[in-house]
Structures are given as C-alpha cells and as structure tokens.
1. Just one of Val110, Val126 is among the β-branched types (Val, Ile, Thr), closer than 30 Å to Val63 by Cβ, touching a residue at least 12 places away in the same chain (Cβ under 8 Å) and surrounded by 10 or more Cβ atoms within 10 Å (Cβ to Cβ); which is it?
2. Which of the residues that make up region 31-72 are of a type in the set (S, T, N, Q) and touching a residue at least 60 places away in the same chain (Cβ under 8 Å)?
3. If Gln120 passes every condition in (1) part of a helix (DSSP H, G or I); (2) exposed (fewer than 14 other Cβ atoms within 10 Å of the Cβ) but one, which one does it miss?
4. Could you check region 1-111 for helices (runs of 4 or more DSSP H) lying wholly inside it with 1 or more residues that are over 30 Å from Asp125 (Cα atoms), in contact with a Phe, Trp or Tyr (Cβ under 9 Å, 6 or more places away or on another chain) and not basic (Lys, Arg)?
5. Anything in region 106-148 that is under 22 Å from the mean Cα position of the chain (by Cα) and of a type in the set (Asp, Glu)? List them, or say none.
6. Under 6 Å by Cβ, and 6 or more places apart or on different chains, what pairs join a residue from region 1-25 that is hydrophobic (A, V, I, L, M, F, W, C) with one that is surrounded by 10 or more Cβ atoms within 10 Å (Cβ to Cβ) and part of a helix (DSSP H, G or I)?
7. Being of a type in the set (Asp, Glu) and modelled with pLDDT of 95 or more is the filter here; which residues of region 55-80 pass it?
8. Being within 28 Å of Asp6 (Cβ to Cβ), at pLDDT 95 or above and either of a type in the set (Phe, Trp, Tyr) or surrounded by 13 or more Cβ atoms within 10 Å (Cβ to Cβ) (or both): is that true of Pro49 here?
Amino acid sequence: MPEIQDFIVQHRLEEEVLCLPKLSVDELAACYKLATLAVNPSLSEGGCPFTFTEALSVGTPVVMAKIPVSQEVLTDPVLQELTFFDPYDWKDMAERIQWGVANREKLLAVQLPTYEQLVQRTWQDVVNEHLDILDRMVSQRGAAEGIS
C-alpha cells in the first residue's frame, strides 16, 4: 500500500519496518522462527487467527488483538490475559509487546498447550461443528414455529 510506504519513509522507519509481500510458506516460517515475538493487531481474522498457530509452530510466542473470533477460540482466561491487547489502544498494544518480549518463555509456556490442542483439529471437526450449528438453528426455528 503506497500510503503505508509513505508513512514509513516520512517517519524514517525504513530500518524498523520490513514489508515482505509474497513470501513462500518456508520463508514465512523462517521469519516467524527468527522473530522474538509475533504481533497480530488485526481487527478481522477468519477462524482462529493464523498468526497464533503459525508462530507457535516454530516456537515463537504471540500477542494479538482482543477480538471476538480470537476470544472464541482462545478461551483460557490466563491465556487471554497474557496474549490479548486492546487493538484500539496503542499504549496497551505497546505494553503487551514489551511484556511479551521480556517474558517470552512464560508466554510460550502458557500458549503451547492451546497450540497443541488446536493442531489436533481436522477439517472433519470443522464440518461437524458447522453441521451442529445448522441442526440447532433448524431445531430453534421449528420450536419457534411450533413444529416438532
């Protein structure tokens, strides 16, 4: 995006911010592996934010925006407390990043058990969950209309 590149140049951040479009899967994994901490400030991720599983797959802890989809998947209260920041508050984001860098091993220890659970999920699990939701919707609609 040209406006992002312009911002980087205007604020002399060329040494601090890297834009790496079109990385291969292996290149992305290498970037995660070499990172001290992965940060995901996204306000709209589909499913589980991929940053969580991608970074943890190579042993890099993650801090991320506290958004409904992430809260739905990452339900452990301690995990949420240590992982999430308010995406509308740059100070909260900065504090969470600083904390994550300073407490990398603690964060990793809290996140890895959830990562291990998530990687056990299959596409069949996803299909079954969607079918369960559809079944509940049909049942609720039938009950509301007096159909048994």
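The values are calculated or read from the model by the stated rules, or taken from the named source; none is laboratory data. Just so you know, these numbers come straight off a predicted model, no measurement behind them. For neighbour counting, all protein chains shown are included, and Cβ atoms are generated from backbone atoms with ideal geometry for every residue, glycine included.
1. Numbers: Val126 fails: touching a residue at least 12 places away in the same chain (Cβ under 8 Å).
That would be Val110, the only listed residue that is among the β-branched types (Val, Ile, Thr), closer than 30 Å to Val63 by Cβ, touching a residue at least 12 places away in the same chain (Cβ under 8 Å) and surrounded by 10 or more Cβ atoms within 10 Å (Cβ to Cβ).
2. Those that are of a type in the set (S, T, N, Q) and touching a residue at least 60 places away in the same chain (Cβ under 8 Å): Thr36, Thr53, Ser57.
3. The failed condition is (1).
4. Fully inside region 1-111 and qualifying: 90-102.
5. Glu116, Asp125, Glu129
6. Cβ pairs passing all conditions: Val17/Ile8.
7. Asp76
8. no
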